[in-house]
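**Student:** The structure is given below, and queries will be raised subsequently.
The values are calculated or read from the model by the stated rules, or taken from the named source; none is laboratory data. The structure presented is a predicted model; accordingly, all values stated were derived computationally and were not measured. Counting neighbours? That spans all protein chains shown, and the Cβs are built from the backbone with ideal geometry, glycine included. For accessibility, only protein heavy atoms count, side chains too; no ligands or nucleic acids. Shrake-Rupley method; radii C 1.70, N 1.55, O 1.52, S 1.80 Å.
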Amino acid sequence: MNKLIIANWKCNPPTIEEAKELFEKIKDNALEKNVVICPPSIFLSSLICEGIKFGVQNCFWKEKGAFTGEISPQMIKSLGVNYVIIGHSERRNILKETNEEIIQKINEAVRAGLTPIVCIGESKGEDTFEVLNNQIKDIDENIILAYEPLWAIGTGESAPIEKVKEVKSFLKDRKVLYGGSVNSQNAPNYLEITDGLLVGGASLNSEEFSKIILCDI
Ligand code: PGA
């Protein structure tokens, strides 16, 4: 198997020294597998090295211009970075990103030659398939999706395997990763039924993340 494993460091760690330290510890294992490291983008230039795939956790939907604080897909691509996480639930909820903005970001990312990983998933109590339908309706079938139910993110309550299976078959031929409280214990189960993993908290622990990488046999 050569499943895709994405490390989403989110807004961590707080210093470049710690980021370098973490990266050094996972680098060798990441080289062996289909792993994409997504550190905070301000650290990218200091970490980028031969053979390792990198991604960012967000991008803007314009190439350039008067958009203070934003980073364009073309800038990301020009660093040699090829992946971008788009529409993470933390961005949808905390930063109020809409489905429309997410589509614009996907389009611009694809135009720049990046591979987007688009996060989808329901909140507790919501109808999963209704939410997913709405989130994916304008997304091309070739785009990689990450199913991350909100109630499973950072809670330790990972989604039941049966639920993820249902979502995978609902999404038919699309490439689907699973994310939400992935750890070295549950990773093999999700890898068996999906195309890979989006790992948050556990990707900040070098031992735990290395075990996750290496369980993809
Ligand atoms: P988690 O985060 O692994 O810490 O639950 C996953 C994510 O938010 O992508």
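**Student:** Say R0 is 45 Å: what FRET efficiency, to the nearest 0.05, do CYS11 and GLU192 get from their beta-carbon distance? Can you show the working numbers first?
**Tutor:** Working: r = 31 Å, r/R0 = 0.69.
Taking R0 as 45 Å, the efficiency between CYS11 and GLU192 is 0.90.
**Student:** So, one more: Taking the chain as a Gaussian network, Cα atoms linked when under 10 Å apart, which of SER158, SER123, SER78 shows the biggest mean-square fluctuation?
**Tutor:** Maximum fluctuation in the GNM of the chain, among the listed residues, is at SER78.
**Student:** I've got another one for you. Please calculate how many Å² of accessible area the stretch 4-215 carries per residue, with a 1.4 Å probe and no DNA, RNA or ligand atoms counted.
**Tutor:** On the way: 10140 Å² over 212 residues.
On a per-residue basis, the stretch 4-215 sits at 48 Å².
**Student:** Relative contact order for the stretch 4-215 using alpha-carbon pairs under 8 Å, separation at least 6, rounded to a whole percent?
**Tutor:** Numbers: 386 pairs, mean separation 43.4, N = 212.
Relative CO of the stretch 4-215 lands at 20 percent.
**Student:** Under 5 Å between amide hydrogens, which residues at least 5 positions from LEU197 or on another chain qualify, with H placed 1.01 Å from N in the peptide plane?
**Tutor:** Excluding prolines and chain starts, which carry no amide H, the hits are LEU4, ILE5, ILE6, TYR178.
**Student:** With unit charges on the beta carbon (Lys/Arg positive, Asp/Glu negative), name the residue among PRO39, TRP61, PHE23 whose Cα is farthest towards the positive pole of the charge dipole of the stretch 10-77.
**Tutor:** TRP61
**Student:** Using label points projected 7 Å from each Cα along Cα→Cβ, tell me how many nm separate GLU141 and GLU18, to one decimal.
**Tutor:** Calculated label separation equals 4.4 nm.
**Student:** What distance in nm separates the simple spin-label points at LYS96 and LYS25, each placed 7 Å from Cα in the Cβ direction?
**Tutor:** Once both label points are built, they end up 3.8 nm from each other.
**Student:** Among the listed pairs LYS137/LYS168; LYS3/LYS27; LYS64/LYS96; LYS25/LYS211, which are separated by more than 19 Å between their Cα atoms? If you can, show how the numbers build up before the last one.
**Tutor:** Working: LYS137/LYS168 16 Å; LYS3/LYS27 17 Å; LYS64/LYS96 22 Å; LYS25/LYS211 12 Å.
LYS64/LYS96, as the Cα separations exceed 19 Å there.
**Student:** Provide the gained length on full extension for the span ASN183 to ARG111, in nm with one decimal, where the gain is 0.36 nm per separating residue minus the Cα-Cα distance.
**Tutor:** 22.5 nm
**Student:** Run the numbers for GLU50 and LYS124: contour at 0.36 nm per residue of separation, minus the present Cα-Cα distance, in nm.
**Tutor:** 22.5 nm
**Student:** Separate question: At a 1.4 Å probe radius, carbon and sulfur cover how many percent of the accessible area of the chain?
**Tutor:** Details: 5130 of 10560 Å².
The nonpolar share, carbon plus sulfur, comes to 49 percent.
**Student:** In debye, nearest 20: dipole of the chain around its Cα centre with unit charges on the Cβ of K, R (+) and D, E (-)?
**Tutor:** Values: 24 positive and 31 negative charges, 69 e Å.
Dipole about the Cα centre, nearest 20: 340 debye.
**Student:** While we're on this one: Based on DSSP loop calls and a cut-off of at most 15 other Cβ atoms within 10 Å, the longest stretch of the chain free of exposed GluC sites (Glu not before Pro) is what?
**Tutor:** Details: sites that count: GLU50, GLU63, GLU70, GLU126, GLU141, GLU157.
In short, 158-217.
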